[in-house]
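Presented below is the structure to which this report refers.
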């Protein structure tokens, strides 16, 4: 879209390279790995270094909505997302609040023969983690449509209050930018 709307050549090169990667048209080495060049991305050696590069001067910019909306780290696995989120939360001042998904059943006939602890430890693709840790002031991104077009997949929000039974956030992007919303713990696994 940026290429078409703004004649952004750099975005066009980036999009073309992404398509080559996705289509398997990149040159691979003997181990089947591709080499990413500096003109395509900034290579880092660890998750901590990635957080430091993407969220440079986090302490100074944590309250700048525009600055936050220009940055995101996406990862394919929940374990990686959890590590990166914990690195970022460690950098933000304030108390961490932990939310847990619902792990009980009303009808015991619908229960499984697996222990709840085992089920809660699973990190499955497309399924939110059992634990969600947040702090007031941090940005979050919705991963599911809750109330389209206001609250849809990819909407950025800033957490403004963490209650026992409710999360309050301000919408940072989209048609409802600036609106405050309440999210109940039953929906907490959608953040």
(request) Just need a number here: residues in segment 144-159 that are loosely packed, with under 14 Cβ neighbours inside 10 Å, out of contact with any helix residue (DSSP H, G or I) (no Cβ under 6 Å at 6 or more places or on another chain) and assigned to a loop (DSSP other than H, G, I, E, B). (result) 4
(message) Restricting to segment 160-191, and then to whatever is in contact with a helix residue (DSSP H, G or I) (Cβ under 7 Å, 6 or more places away or on another chain) and within 17 Å of residue 96 (Cα to Cα), can you tell me which residue is modelled with the lowest pLDDT?
(response) 165
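The values are calculated or read from the model by the stated rules, or taken from the named source; none is laboratory data. Every value quoted in this text rests on a predicted model; they were computed, and no experiment measured them. In this analysis, Cβ positions are derived from the backbone assuming ideal geometry, glycine residues included, and neighbour counts consider all displayed protein chains.
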